[in-house]
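Just dropping this structure here.
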Amino acid sequence: MHLETLKVFCDVVETRSFSTAASQNFVTQSAVSQQIRSLEERYGRRLLERTRGNVQLTPAGEILYQVSKEIVQRYQDMEARLQVLAKIIAGTVRVATVHSIGLYELSAQIKRYLKAFPQVHLHLEYSRSNKIYEDALKGNIDLGVVAYPSRRPGISVLPFREDRLVLVCAPSHALARHRHVSIQKLAGEPLVGYERDIPTRKETDRLLRRYGVEVRYVMELDNVETIKRVVEIGTGLAILPEPAVRPEVKGRTLAAVQFSDEVFLRPLGIIHRHGKHFSPAAEKFIEFLRAE
């Protein structure tokens, strides 16, 4: 049995998707189906129950997954150590982040990194913060890049950078004419925000409470792109990281106003499973990010 087949099986289980597992392993979806089928034929047991839009483990599949996951992780750790000795910069680096970071904080570094190390396959996926921590713990990803990184059992955090938070509004809004505005001016205003479990939303709410400001959330959304589109049409104001709105400010479809009370910063961090052995490719990726 090939180790790659066990890895594909684990990826299908963890992502609950044949297409996502195919993308992560740089193969076709039909190749993934064939590998799962070969495992089921080998053991004479059905390993996965396929329902529309979902994949569930059978009891036999649960046994195979638990053992296969340990085998794959041990092999990947061994491979990383050998690559360190050989000083090889190649292989796959799996990174997960949120939209506001991946689109506006990582794209330039990723382009330079891939140009410098063309033998590396970089798999970048967008996810919610809680899932990024879970995937790091499970070994599904090598690195996660998150906002407001928190210390959690089994997770190590490397500081990355800090973003300035700004008030964002449509250019026609009265506050758009100001260069600076007090956060007190937001009292009673309609606000478009992230969903409540997203770290940037939690910190925004703490910030508003600290200044005694009550706002009306008129919409709660799960990613920065949708928030920006809603603000553009004048539905409400938003508090967002400044890098995420630069294209719209340049194109004059949004206005960004700095706060006069203090500089509000959103810290970013690189997270990984504690004690993880990084391949040289992953170490170089961290170097590229932190060199900025």
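The values are calculated or read from the model by the stated rules, or taken from the named source; none is laboratory data. As the structure is a computational prediction, the values presented were derived from the model and not from experiment. Methodologically, a virtual Cβ is constructed for each residue, glycine included, from the backbone with ideal geometry; neighbour enumeration extends over all protein chains shown. Side chains are part of the model used for accessible areas, which takes the heavy atoms of the whole protein and leaves out ligands, DNA and RNA. Shrake-Rupley method; radii C 1.70, N 1.55, O 1.52, S 1.80 Å.
Give the range 235-247 a look and list any residue that's within 26 Å of the chain's Cα centre (by Cα) and surrounded by fewer than 19 Cβ atoms within 10 Å (Cβ to Cβ), or say none.
Once the filter is applied, which keeps residues that are within 26 Å of the chain's Cα centre (by Cα) and surrounded by fewer than 19 Cβ atoms within 10 Å (Cβ to Cβ), the range 235-247 yields GLU242, PRO243, ARG246, PRO247.
Quick check on the range 80-97. Is at least one of its residues assigned to a helix (DSSP H, G or I), under 23 Å from the mean Cα position of the chain (by Cα) and modelled with pLDDT of 90 or more?
no
Wholly within the range 1-50, which helices (runs of 4 or more DSSP H) include no fewer than the required count, namely at least 2 residues that are in contact with a His (Cβ under 9 Å, 6 or more places away or on another chain) and in contact (Cβ under 8 Å) with a residue 60 or more places away in the chain?
Helices (runs of 4 or more DSSP H) meeting the threshold: 18-24.
Then there's this: Can you tell me which residue is surrounded by the fewest Cβ atoms within 10 Å (Cβ to Cβ) among those in the range 269-292 that are over 17 Å from SER100 (Cβ atoms) and among the acidic types (Asp, Glu)?
The selected residue is GLU287.
Among the residues of the range 47-62, write down those that are surrounded by 14 or more Cβ atoms within 10 Å (Cβ to Cβ) and over 19 Å from LEU3 (Cα atoms).
Within the range 47-62, VAL55, LEU57, THR58 qualify.
Answer with yes or no whether ARG266 is at pLDDT 95 or above, surrounded by 15 or more Cβ atoms within 10 Å (Cβ to Cβ), within 24 Å of LEU106 (Cα to Cα) and of a type outside the set (A, V, I, L, M, F, W, C).
Criteria met by ARG266.
Six or more apart or on different chains, Cβ under 6 Å: which pairs go from a residue in the range 155-175 that's at pLDDT 95 or above to one that's of a type in the set (D, E, K, R) and buried (at least 16 other Cβ atoms within 10 Å of the Cβ)? Could you list them?
Cβ pairs passing all conditions: ARG164/GLU242; LEU165/ARG266; VAL166/GLU242.
Residues in the range 218-228: is at least one open to solvent by less than 10 Å² (accessible area, probe 1.4 Å) and within 18 Å of LEU175 (Cβ to Cβ)?
Yes, the range 218-228 contains at least one residue that is open to solvent by less than 10 Å² (accessible area, probe 1.4 Å) and within 18 Å of LEU175 (Cβ to Cβ).
Out of GLN184, GLN76, I need the residue that is among the polar types (S, T, N, Q), open to solvent by 20 Å² or more (accessible area, probe 1.4 Å) and at pLDDT below 90. Which one?
Just one listed residue meets the conditions, GLN76.
If LYS115 passes every condition in (1) buried (at least 16 other Cβ atoms within 10 Å of the Cβ); (2) among the basic types (Lys, Arg); (3) modelled with pLDDT of 90 or more but one, which one does it miss?
The single condition LYS115 does not satisfy is (1).
Can you work out which of the residues in the range 16-46 that are in contact with a Ser or Thr (Cβ under 8 Å, 6 or more places away or on another chain) and over 23 Å from VAL95 (Cα atoms) is least open to solvent (accessible area, probe 1.4 Å)?
Taking the candidates together, the pick is LEU39.
Starting from the range 96-125, keep only residues that are under 18 Å from PRO280 (Cα atoms), then list their pairs with residues that are open to solvent by less than 40 Å² (accessible area, probe 1.4 Å) and charged (D, E, K, R) whose Cβ atoms are within a distance under 8 Å, requiring at least 6 positions of separation or different chains.
Close Cβ pairs (under 8 Å, with a partner that is open to solvent by less than 40 Å² (accessible area, probe 1.4 Å) and charged (D, E, K, R)) amount to HIS123/ARG94.
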